[in-house]
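Please read the structure below before turning to the comments.
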Amino acid sequence: MNNDMNRRHFLGALGLSGLFTGLGRFATEPVFGQAVGESAGFKSSVIAPNKIQDNQGHARLINGTVIQPERTLPILSQTDVLVVGGGPAGIVAAIAARRAGSRVTLVERYGHFGGLWTGGLVLLIMGHIVTGGKQVCQGIGEEIMTRLDKMDGAIINRKTGANPTVDAEAVKYLMVEMIEEAGVEVFLHCWGVDSIMDGNLARGAVFESKSGRQAVLAKVVIDATGDGDLFAAAGAEFEQRSHNVGLVSRLGNLDKIDTTQAADASKPRRLGIPTPVTGVNWVNLKGPEVDGLDVATLTRMEMEQRKVIWRQIQQTRKIPGYDKVYLVETAPQLGVRITRVLHGTNAIRLSDLKSTTRFSDVIGVGGAANGEHAEWQIPYGALVPVQIDNLLAAGRCVSMDILMADLVRLIPNCFVTGHAAGVAAAVAVQDRCLVRDADVKKLQRVLKEQKAYLG
(Lines give C-alpha, C1' and ligand atoms only; values in the text may rest on other atoms or scores of the structure.)
Protein backbone atom coordinates (compact mmCIF):
# COMPACT_ATOMS: atom_id res chain seq x y z
CA MET A 1 0.00 0.00 0.00
CA ASN A 2 1.46 3.38 -0.97
CA ASN A 3 1.89 6.31 1.42
CA ASP A 4 -1.15 8.17 0.07
CA MET A 5 -3.39 5.15 0.73
CA ASN A 6 -1.94 4.81 4.22
CA ARG A 7 -2.87 8.42 4.96
CA ARG A 8 -6.42 8.00 3.65
CA HIS A 9 -7.00 4.86 5.73
CA PHE A 10 -5.63 6.59 8.84
CA LEU A 11 -7.85 9.65 8.40
CA GLY A 12 -10.84 7.49 7.58
CA ALA A 13 -10.35 5.52 10.79
CA LEU A 14 -10.46 8.79 12.72
CA GLY A 15 -13.49 9.99 10.82
CA LEU A 16 -11.55 13.01 9.63
CA SER A 17 -11.12 12.40 5.93
CA GLY A 18 -13.99 14.70 4.94
CA LEU A 19 -12.64 17.46 7.14
CA PHE A 20 -9.62 17.82 4.92
CA THR A 21 -11.43 17.74 1.59
CA GLY A 22 -10.27 20.56 -0.60
CA LEU A 23 -7.18 21.32 1.45
CA GLY A 24 -4.95 19.32 -0.82
CA ARG A 25 -1.73 17.74 0.18
CA PHE A 26 -0.91 20.49 2.67
CA ALA A 27 -3.41 19.16 5.19
CA THR A 28 -1.91 15.67 5.38
CA GLU A 29 1.61 15.99 4.03
CA PRO A 30 3.93 18.55 5.60
CA VAL A 31 6.40 19.85 3.05
CA PHE A 32 9.19 22.17 4.10
CA GLY A 33 9.98 25.27 2.11
CA GLN A 34 8.54 28.52 0.87
CA ALA A 35 5.87 26.93 -1.32
CA VAL A 36 4.00 25.46 1.64
CA GLY A 37 3.86 28.77 3.45
CA GLU A 38 2.53 30.57 0.39
CA SER A 39 0.04 27.91 -0.63
CA ALA A 40 -1.35 27.34 2.84
CA GLY A 41 -1.70 31.04 3.60
CA PHE A 42 1.12 31.21 6.12
CA LYS A 43 4.07 33.54 6.15
CA SER A 44 7.45 32.30 7.23
CA SER A 45 10.95 33.63 7.40
CA VAL A 46 14.32 32.02 7.86
CA ILE A 47 17.14 33.78 9.66
CA ALA A 48 20.53 32.64 8.46
CA PRO A 49 23.04 32.03 11.26
CA ASN A 50 25.28 34.86 10.10
CA LYS A 51 22.34 37.30 10.34
CA ILE A 52 21.54 36.60 13.99
CA GLN A 53 22.37 39.63 16.09
CA ASP A 54 24.78 38.90 18.92
CA ASN A 55 23.51 41.70 21.15
CA GLN A 56 20.66 39.94 22.92
CA GLY A 57 22.46 39.37 26.20
CA HIS A 58 22.76 35.60 25.88
CA ALA A 59 23.70 33.89 29.13
CA ARG A 60 27.22 32.52 29.08
CA LEU A 61 29.02 29.95 31.17
CA ILE A 62 32.30 31.45 32.34
CA ASN A 63 34.53 29.47 34.71
CA GLY A 64 31.56 27.53 36.06
CA THR A 65 29.41 30.63 36.59
CA VAL A 66 26.42 31.61 34.42
CA ILE A 67 26.61 35.30 33.49
CA GLN A 68 23.64 37.21 32.04
CA PRO A 69 24.90 40.48 30.49
CA GLU A 70 22.81 43.59 29.95
CA ARG A 71 20.65 43.73 26.85
CA THR A 72 18.22 46.12 25.21
CA LEU A 73 14.58 45.03 25.51
CA PRO A 74 11.84 45.86 23.01
CA ILE A 75 8.88 47.77 24.47
CA LEU A 76 5.68 45.77 24.10
CA SER A 77 3.38 48.56 25.28
CA GLN A 78 3.21 51.89 27.10
CA THR A 79 0.24 52.56 29.35
CA ASP A 80 -1.08 54.48 32.33
CA VAL A 81 -1.81 51.49 34.58
CA LEU A 82 -0.16 48.10 34.23
CA VAL A 83 -1.91 45.24 36.01
CA VAL A 84 0.19 42.10 36.36
CA GLY A 85 -1.96 39.04 36.99
CA GLY A 86 -5.43 38.27 35.67
CA GLY A 87 -6.99 36.60 38.70
CA PRO A 88 -10.01 38.00 40.59
CA ALA A 89 -8.00 40.94 41.98
CA GLY A 90 -6.28 41.76 38.70
CA ILE A 91 -9.40 41.56 36.56
CA VAL A 92 -11.34 43.89 38.86
CA ALA A 93 -8.36 46.26 39.15
CA ALA A 94 -8.04 46.52 35.37
CA ILE A 95 -11.75 47.16 34.83
CA ALA A 96 -11.89 49.69 37.69
CA ALA A 97 -8.89 51.66 36.44
CA ARG A 98 -10.24 51.70 32.90
CA ARG A 99 -13.69 52.87 34.02
CA ALA A 100 -11.95 55.61 36.02
CA GLY A 101 -10.43 56.96 32.82
CA SER A 102 -6.95 55.43 32.58
CA ARG A 103 -5.35 53.49 29.77
CA VAL A 104 -4.86 49.99 31.16
CA THR A 105 -2.74 47.03 30.15
CA LEU A 106 -3.36 43.64 31.75
CA VAL A 107 -0.73 40.91 31.52
CA GLU A 108 -1.43 37.31 32.56
CA ARG A 109 0.90 34.31 32.57
CA TYR A 110 -1.78 31.74 31.64
CA GLY A 111 -4.04 31.63 28.60
CA HIS A 112 -7.17 32.46 30.61
CA PHE A 113 -8.42 34.84 33.27
CA GLY A 114 -9.54 34.00 36.79
CA GLY A 115 -6.36 32.73 38.42
CA LEU A 116 -7.03 30.03 41.01
CA TRP A 117 -10.75 30.73 40.80
CA THR A 118 -10.84 29.17 37.34
CA GLY A 119 -7.46 27.59 36.58
CA GLY A 120 -7.23 26.22 40.10
CA LEU A 121 -10.89 25.12 40.12
CA VAL A 122 -11.49 26.89 43.45
CA LEU A 123 -15.12 27.34 42.47
CA LEU A 124 -16.66 28.33 45.81
CA ILE A 125 -17.31 32.03 46.49
CA MET A 126 -16.67 32.54 50.20
CA GLY A 127 -15.94 35.77 52.04
CA HIS A 128 -18.66 38.09 50.80
CA ILE A 129 -21.01 37.71 53.79
CA VAL A 130 -20.75 38.92 57.40
CA THR A 131 -22.74 38.25 60.57
CA GLY A 132 -26.44 38.62 59.89
CA GLY A 133 -26.13 37.61 56.25
CA LYS A 134 -25.13 41.05 54.98
CA GLN A 135 -23.17 41.01 51.70
CA VAL A 136 -20.19 43.39 51.90
CA CYS A 137 -18.57 42.54 48.57
CA GLN A 138 -20.13 45.03 46.19
CA GLY A 139 -18.94 47.05 43.21
CA ILE A 140 -17.39 45.21 40.28
CA GLY A 141 -17.17 41.95 42.25
CA GLU A 142 -20.92 41.97 42.76
CA GLU A 143 -21.38 42.89 39.10
CA ILE A 144 -19.47 39.75 38.14
CA MET A 145 -21.71 37.59 40.32
CA THR A 146 -24.87 39.30 39.06
CA ARG A 147 -23.86 38.70 35.46
CA LEU A 148 -23.07 35.07 36.22
CA ASP A 149 -26.60 34.85 37.62
CA LYS A 150 -27.99 35.75 34.22
CA MET A 151 -25.97 33.07 32.41
CA ASP A 152 -27.30 29.56 32.00
CA GLY A 153 -25.45 27.06 34.19
CA ALA A 154 -22.89 29.57 35.46
CA ILE A 155 -23.59 29.78 39.21
CA ILE A 156 -25.66 28.00 41.87
CA ASN A 157 -26.75 28.85 45.44
CA ARG A 158 -26.61 32.55 44.63
CA LYS A 159 -29.72 33.46 46.61
CA THR A 160 -30.10 30.56 49.03
CA GLY A 161 -27.83 31.91 51.75
CA ALA A 162 -25.21 29.23 51.00
CA ASN A 163 -21.87 30.04 49.45
CA PRO A 164 -22.34 30.28 45.67
CA THR A 165 -20.43 27.90 43.39
CA VAL A 166 -19.49 28.75 39.81
CA ASP A 167 -18.61 26.97 36.60
CA ALA A 168 -15.01 27.81 35.70
CA GLU A 169 -15.67 28.02 31.96
CA ALA A 170 -18.53 30.45 32.47
CA VAL A 171 -16.29 32.68 34.58
CA LYS A 172 -13.50 32.57 31.98
CA TYR A 173 -15.97 33.60 29.29
CA LEU A 174 -17.50 36.39 31.35
CA MET A 175 -14.11 37.85 32.26
CA VAL A 176 -13.12 38.02 28.60
CA GLU A 177 -16.40 39.76 27.86
CA MET A 178 -15.99 42.32 30.65
CA ILE A 179 -12.34 43.04 29.87
CA GLU A 180 -13.19 43.61 26.21
CA GLU A 181 -16.15 45.81 27.11
CA ALA A 182 -13.91 47.94 29.30
CA GLY A 183 -11.35 48.38 26.53
CA VAL A 184 -8.38 46.96 28.43
CA GLU A 185 -5.27 46.03 26.44
CA VAL A 186 -4.37 42.40 27.18
CA PHE A 187 -1.34 40.17 26.78
CA LEU A 188 -1.72 36.53 27.80
CA HIS A 189 1.00 33.90 28.04
CA CYS A 190 3.40 36.47 29.52
CA TRP A 191 5.23 35.83 32.78
CA GLY A 192 6.28 38.89 34.77
CA VAL A 193 9.96 38.36 35.60
CA ASP A 194 11.24 41.76 36.73
CA SER A 195 10.26 45.27 37.70
CA ILE A 196 11.52 48.30 35.80
CA MET A 197 12.77 50.78 38.36
CA ASP A 198 13.95 54.39 38.34
CA GLY A 199 15.39 54.61 41.82
CA ASN A 200 12.47 53.75 44.11
CA LEU A 201 9.94 54.56 41.40
CA ALA A 202 8.28 51.66 39.54
CA ARG A 203 8.13 52.40 35.82
CA GLY A 204 6.83 49.12 34.42
CA ALA A 205 7.71 45.45 34.23
CA VAL A 206 9.65 42.95 32.16
CA PHE A 207 7.85 39.92 30.74
CA GLU A 208 9.01 36.64 29.28
CA SER A 209 6.94 34.92 26.60
CA LYS A 210 7.22 33.04 23.30
CA SER A 211 7.99 36.46 21.81
CA GLY A 212 11.07 36.71 24.02
CA ARG A 213 11.78 39.17 26.80
CA GLN A 214 9.86 42.44 26.44
CA ALA A 215 9.00 45.46 28.56
CA VAL A 216 5.77 47.30 29.36
CA LEU A 217 6.18 50.88 30.59
CA ALA A 218 3.56 52.34 32.93
CA LYS A 219 2.88 55.24 35.25
CA VAL A 220 1.55 52.88 37.93
CA VAL A 221 2.03 49.13 38.38
CA ILE A 222 -0.45 46.91 40.22
CA ASP A 223 0.98 43.61 41.47
CA ALA A 224 -1.91 41.15 41.33
CA THR A 225 0.30 38.10 40.82
CA GLY A 226 -0.81 36.55 44.11
CA ASP A 227 2.81 35.86 44.98
CA GLY A 228 4.05 39.45 45.04
CA ASP A 229 6.43 38.73 42.17
CA LEU A 230 6.62 42.34 41.03
CA PHE A 231 6.93 44.08 44.40
CA ALA A 232 9.59 41.55 45.42
CA ALA A 233 11.53 42.23 42.22
CA ALA A 234 11.17 45.97 42.84
CA GLY A 235 12.81 45.65 46.23
CA ALA A 236 9.76 46.19 48.43
CA GLU A 237 9.78 44.78 51.94
CA PHE A 238 7.76 41.59 52.35
CA GLU A 239 7.37 38.49 54.46
CA GLN A 240 7.50 35.01 52.97
CA ARG A 241 5.13 32.43 54.42
CA SER A 242 4.43 28.76 53.88
CA HIS A 243 0.90 27.41 53.60
CA ASN A 244 -0.95 24.33 52.39
CA VAL A 245 -0.53 23.60 48.70
CA GLY A 246 -3.10 21.31 47.10
CA LEU A 247 -4.51 20.28 43.75
CA VAL A 248 -8.25 20.54 43.06
CA SER A 249 -10.12 18.09 40.83
CA ARG A 250 -13.59 17.55 39.42
CA LEU A 251 -15.50 14.27 39.44
CA GLY A 252 -18.29 13.33 37.04
CA ASN A 253 -21.33 11.02 36.89
CA LEU A 254 -22.10 11.54 40.56
CA ASP A 255 -25.77 11.66 39.59
CA LYS A 256 -25.43 8.06 38.38
CA ILE A 257 -24.24 6.57 41.66
CA ASP A 258 -26.37 3.69 42.98
CA THR A 259 -25.83 3.95 46.73
CA THR A 260 -28.11 0.98 47.40
CA GLN A 261 -25.38 -1.39 46.19
CA ALA A 262 -22.65 -0.24 48.59
CA ALA A 263 -22.41 -1.13 52.25
CA ASP A 264 -22.25 1.91 54.52
CA ALA A 265 -18.71 1.05 55.57
CA SER A 266 -17.47 1.05 51.98
CA LYS A 267 -19.09 4.30 50.84
CA PRO A 268 -16.60 7.13 50.23
CA ARG A 269 -16.63 9.74 52.98
CA ARG A 270 -16.55 12.73 50.67
CA LEU A 271 -16.99 13.25 46.97
CA GLY A 272 -16.77 17.00 46.82
CA ILE A 273 -19.12 19.94 46.45
CA PRO A 274 -21.78 20.27 43.71
CA THR A 275 -21.13 22.60 40.79
CA PRO A 276 -23.53 24.15 38.25
CA VAL A 277 -22.87 21.13 36.00
CA THR A 278 -25.24 18.28 36.85
CA GLY A 279 -23.42 15.27 38.27
CA VAL A 280 -20.08 17.09 38.54
CA ASN A 281 -18.51 17.96 41.90
CA TRP A 282 -15.28 19.76 42.69
CA VAL A 283 -12.98 18.22 45.27
CA ASN A 284 -10.50 20.31 47.24
CA LEU A 285 -7.21 18.76 48.30
CA LYS A 286 -5.72 20.68 51.20
CA GLY A 287 -2.20 19.37 50.72
CA PRO A 288 0.84 19.81 52.99
CA GLU A 289 2.22 23.10 54.26
CA VAL A 290 5.21 23.84 52.02
CA ASP A 291 7.10 26.68 50.36
CA GLY A 292 4.98 27.76 47.40
CA LEU A 293 7.90 29.62 45.82
CA ASP A 294 10.27 26.66 45.55
CA VAL A 295 10.11 25.19 42.04
CA ALA A 296 11.35 21.75 43.13
CA THR A 297 8.65 21.60 45.80
CA LEU A 298 5.94 22.74 43.38
CA THR A 299 7.03 20.09 40.89
CA ARG A 300 6.87 17.38 43.55
CA MET A 301 3.43 18.56 44.72
CA GLU A 302 2.05 18.45 41.16
CA MET A 303 3.34 14.96 40.44
CA GLU A 304 2.50 13.37 43.78
CA GLN A 305 -0.97 14.85 44.07
CA ARG A 306 -1.99 13.90 40.53
CA LYS A 307 -1.07 10.30 41.38
CA VAL A 308 -3.00 10.45 44.66
CA ILE A 309 -6.12 11.83 42.98
CA TRP A 310 -6.05 9.23 40.20
CA ARG A 311 -5.58 6.34 42.61
CA GLN A 312 -8.33 7.54 44.92
CA ILE A 313 -10.87 7.75 42.12
CA GLN A 314 -9.91 4.27 40.89
CA GLN A 315 -10.51 2.93 44.42
CA THR A 316 -13.86 4.71 44.51
CA ARG A 317 -14.88 3.13 41.19
CA LYS A 318 -14.39 -0.33 42.71
CA ILE A 319 -17.11 0.30 45.29
CA PRO A 320 -20.42 -1.29 44.17
CA GLY A 321 -22.66 1.37 42.65
CA TYR A 322 -19.79 3.84 42.10
CA ASP A 323 -18.38 2.27 38.94
CA LYS A 324 -19.60 5.11 36.66
CA VAL A 325 -17.82 7.87 38.62
CA TYR A 326 -14.87 9.26 36.71
CA LEU A 327 -12.20 11.94 36.97
CA VAL A 328 -13.28 14.88 34.80
CA GLU A 329 -10.05 16.84 35.30
CA THR A 330 -7.36 17.89 37.68
CA ALA A 331 -6.81 21.62 37.86
CA PRO A 332 -4.13 22.89 35.46
CA GLN A 333 -3.02 25.29 38.19
CA LEU A 334 -1.68 24.10 41.55
CA GLY A 335 -3.48 25.59 44.56
CA VAL A 336 -0.86 27.78 46.22
CA ARG A 337 -2.60 29.71 49.00
CA ILE A 338 -0.06 32.17 50.43
CA THR A 339 3.59 32.96 49.67
CA ARG A 340 4.84 36.57 49.81
CA VAL A 341 2.95 39.19 51.81
CA LEU A 342 3.73 42.89 51.41
CA HIS A 343 4.94 45.07 54.26
CA GLY A 344 2.66 48.02 53.67
CA THR A 345 2.29 51.40 55.31
CA ASN A 346 -0.60 49.77 57.17
CA ALA A 347 -1.90 46.22 57.47
CA ILE A 348 -5.06 44.17 57.82
CA ARG A 349 -5.00 42.80 61.38
CA LEU A 350 -7.15 40.37 63.34
CA SER A 351 -7.12 42.78 66.27
CA ASP A 352 -8.78 45.42 64.07
CA LEU A 353 -11.40 42.89 62.97
CA LYS A 354 -12.21 42.01 66.57
CA SER A 355 -12.40 45.64 67.67
CA THR A 356 -14.23 46.71 64.48
CA THR A 357 -11.60 49.41 63.87
CA ARG A 358 -12.66 52.08 61.41
CA PHE A 359 -10.05 53.66 59.14
CA SER A 360 -10.12 57.15 57.66
CA ASP A 361 -8.48 55.70 54.53
CA VAL A 362 -10.89 52.75 54.22
CA ILE A 363 -11.03 51.40 50.65
CA GLY A 364 -13.23 48.36 51.15
CA VAL A 365 -14.86 45.95 53.56
CA GLY A 366 -14.09 42.27 53.94
CA GLY A 367 -16.30 39.35 54.83
CA ALA A 368 -15.82 35.83 56.17
CA ALA A 369 -16.19 32.29 54.94
CA ASN A 370 -19.52 31.62 56.61
CA GLY A 371 -20.52 35.03 57.91
CA GLU A 372 -19.07 34.31 61.35
CA HIS A 373 -17.48 37.77 61.71
CA ALA A 374 -18.72 41.33 61.64
CA GLU A 375 -17.54 43.38 58.68
CA TRP A 376 -13.91 44.54 58.81
CA GLN A 377 -12.48 47.56 57.04
CA ILE A 378 -9.45 47.48 54.78
CA PRO A 379 -7.10 50.50 54.98
CA TYR A 380 -5.51 51.91 51.84
CA GLY A 381 -2.08 51.48 53.45
CA ALA A 382 -2.40 47.70 53.16
CA LEU A 383 -1.91 48.11 49.40
CA VAL A 384 0.99 50.58 49.54
CA PRO A 385 4.65 49.49 49.96
CA VAL A 386 6.68 51.21 52.64
CA GLN A 387 9.38 52.47 50.26
CA ILE A 388 8.65 51.62 46.62
CA ASP A 389 6.60 54.27 44.79
CA ASN A 390 3.90 53.95 42.12
CA LEU A 391 3.37 50.27 42.79
CA LEU A 392 0.33 48.80 44.55
CA ALA A 393 -0.49 45.29 45.72
CA ALA A 394 -3.87 43.62 45.24
CA GLY A 395 -5.25 40.23 46.18
CA ARG A 396 -3.77 37.67 48.55
CA CYS A 397 -0.35 39.38 48.75
CA VAL A 398 -1.48 42.67 50.37
CA SER A 399 -0.17 43.65 53.80
CA MET A 400 -1.79 41.58 56.57
CA ASP A 401 -0.94 39.65 59.69
CA ILE A 402 -0.75 35.88 59.43
CA LEU A 403 -4.03 35.38 61.31
CA MET A 404 -5.92 37.20 58.54
CA ALA A 405 -4.44 35.28 55.61
CA ASP A 406 -7.29 32.80 55.24
CA LEU A 407 -9.81 35.64 55.03
CA VAL A 408 -7.89 38.10 52.87
CA ARG A 409 -7.13 35.47 50.20
CA LEU A 410 -10.81 34.59 49.64
CA ILE A 411 -12.10 35.52 46.18
CA PRO A 412 -14.58 38.30 47.11
CA ASN A 413 -11.98 39.98 49.33
CA CYS A 414 -9.56 39.85 46.39
CA PHE A 415 -12.27 41.59 44.34
CA VAL A 416 -12.35 44.33 46.96
CA THR A 417 -8.59 45.02 47.16
CA GLY A 418 -8.32 44.78 43.36
CA HIS A 419 -11.12 47.32 42.95
CA ALA A 420 -9.39 49.75 45.30
CA ALA A 421 -5.99 49.31 43.66
CA GLY A 422 -7.42 49.97 40.19
CA VAL A 423 -9.19 53.16 41.22
CA ALA A 424 -6.22 54.39 43.28
CA ALA A 425 -3.91 53.91 40.32
CA ALA A 426 -6.24 55.86 38.04
CA VAL A 427 -6.59 58.68 40.57
CA ALA A 428 -2.81 58.97 40.91
CA VAL A 429 -2.38 59.05 37.13
CA GLN A 430 -5.01 61.76 36.72
CA ASP A 431 -3.57 63.89 39.54
CA ARG A 432 0.03 63.23 38.50
CA CYS A 433 1.05 62.20 41.98
CA LEU A 434 2.59 59.17 43.63
CA VAL A 435 0.10 56.47 44.58
CA ARG A 436 1.04 56.88 48.25
CA ASP A 437 -0.01 60.55 47.92
CA ALA A 438 -3.29 59.83 46.15
CA ASP A 439 -6.25 61.87 47.36
CA VAL A 440 -8.01 59.32 49.58
CA LYS A 441 -11.26 61.28 49.59
CA LYS A 442 -11.30 61.26 45.81
CA LEU A 443 -10.41 57.57 45.78
CA GLN A 444 -13.31 56.81 48.12
CA ARG A 445 -15.68 58.92 46.04
CA VAL A 446 -14.80 57.13 42.80
CA LEU A 447 -15.10 53.75 44.50
CA LYS A 448 -18.59 54.65 45.68
CA GLU A 449 -19.46 55.85 42.17
CA GLN A 450 -18.45 52.37 41.01
CA LYS A 451 -20.82 50.96 43.68
CA ALA A 452 -18.16 49.70 46.08
CA TYR A 453 -19.13 49.34 49.74
CA LEU A 454 -16.91 51.15 52.27
CA GLY A 455 -18.92 50.61 55.44
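Things worth noting here:
- Computed over every Cα-Cα pair of the range 103-205 and binned at 10 Å starting from 0, the pair-distance distribution P(r) comes out as 13, 38, 29, 16, 4, 0 percent.
- Placing unit charges on each Cβ (+1 for Lys and Arg, -1 for Asp and Glu) gives the range 222-286 a dipole about its Cα centre, and among 225, 263, 251 the Cα reaching farthest toward its positive end belongs to 263.
- Tail weight of P(r) past 34 Å, computed on alpha-carbon pairs of the chain, percent: 42
- C-alpha center-to-center spacing [the range 187-257, the range 300-371] in angstrom: 18
- Distance between the range 61-130 and the range 410-455 - C-alpha centres, whole angstrom: 18
- 222 nm mean residue ellipticity, helices alone, for the chain (DSSP H n ≥ 4; -39,500 (n - 2.57); rounded to 500): -8500 deg cm²/dmol
- Accessible-area composition of the range 220-366, carbon plus sulfur, in percent [1.4 Å probe]: 49
- Check: the range 342-455 dipole with +1 on Lys, Arg Cβ and -1 on Asp, Glu Cβ, in debye: 180
- If R0 is taken as 30 Å, the Cβ-Cβ distance between residue 266 and residue 308 corresponds to a FRET efficiency of 0.95.
- Cα gyration tensor shape for the range 329-434, rounded if a/c is under 1.5, else prolate or oblate: oblate
- The range 306-382 shape via C-alpha gyration tensor axes, a/c threshold 1.5: prolate
- DSSP-assigned coil residues among trypsin sites (Lys or Arg not before Pro) in the range 136-193, each with at most 11 further Cβ atoms within 10 Å: 150, 159
- Dipole check for the chain: with +1 at the C-beta of Lys and Arg, -1 at the C-beta of Asp and Glu, and the Cα centre as origin, the magnitude is about 700 Debye.
- For the range 190-250: rounded, prolate or oblate by the Cα gyration tensor [a/c cutoff 1.5]: oblate
The values are calculated or read from the model by the stated rules, or taken from the named source; none is laboratory data. These numbers come from a predicted model, not from an experiment. Positions of Cβ are backbone-derived with ideal geometry, glycine not excepted, and every protein chain shown enters the neighbour counts. These area figures cover heavy atoms from the full protein model, side chains too; ligands, DNA and RNA do not enter into them. Shrake-Rupley method; radii C 1.70, N 1.55, O 1.52, S 1.80 Å.
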